[in-house]
Amino acid sequence: MDHPARNAKRQKIFEPFVICGPKGERRAHLLDISETGALIHSEPSCDRGALVRLSIQDTTVAAQVAWSSPPRFGVTFSQRHSADTVKAFLRA
């Protein structure tokens with residue numbers, strides 16, 4: 001499956017977090033993150049186009065699912081996030 005490219009530098013990570021979307025709130029894992037999006041592993045997965053919120057400790061960001069290939073999917077953040085926000089996810 002072709003996935004839209006992310007131009008921002010990705011940071012590999014394996015971090016549990018909470019995702020909230022159309023299928024409810026559940027635990028998921030971040031596999032990588034950048035200032036513009038993230039790669040997520042979650043079962044059940046999320047459908048392309050779904051609006052979701054990613055929460056880890058005191059940081060929550062809104063995103064939209066750009067592609068889905070269960071159990072992985074990629075999200076694009078609603079707005080570009082600063083390096084500090086990305087670091088907050090990396091420090092969690």
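Coordinate-derived values only; no laboratory data. All values derive from a computational prediction rather than experimental measurement. Don't worry about glycine lacking a Cβ; one is built from the backbone with ideal geometry, like all the others, and counts go over all protein chains shown.
Over the C-alpha atoms of the chain, the Rg to Rh ratio, Rh being the Kirkwood estimate, stands at 0.91. Treating cross-link reach as a plain straight distance, find the lysines whose alpha-carbon is under 18 Å from the alpha-carbon of LYS87, omitting any fewer than eight places away in the same chain. Straight-distance partners of LYS87: LYS9, LYS12.
Based on C-alpha pairs under 8 angstrom that are at least 6 apart in sequence, the chain has a relative contact order of 26 percent. If the chain linking SER69 and GLU15 were pulled fully straight, counting 0.36 nm for each residue of separation and taking away their Cα-Cα distance, it would gain 17.5 nm.
Placing +1 on the Cβ of every Lys and Arg and -1 on the Cβ of every Asp and Glu, with nothing else charged, gives the chain a dipole about its Cα centre of roughly 120 debye. Put the Cα centre of the stretch 72-92 next to the Cα centre of the stretch 9-23 and the gap is 8 Å. For the chain, build the charge dipole from Cβ charges (+1 Lys, Arg; -1 Asp, Glu) around the Cα centre, then report which of SER34, VAL52, PHE73 sits farthest towards its positive end. Of SER34, VAL52, PHE73, it is SER34. Here the sum of -39500 (n - 2.57) over DSSP H runs of 4 or more residues, divided by the residues of the chain, equals -3000 deg cm²/dmol at 222 nm, to the nearest 500.
Sorting VAL86, VAL18, VAL75 by the number of Cβ atoms found within 10 Å of their own Cβ, with the fewest placed first, yields VAL18, VAL86, VAL75.
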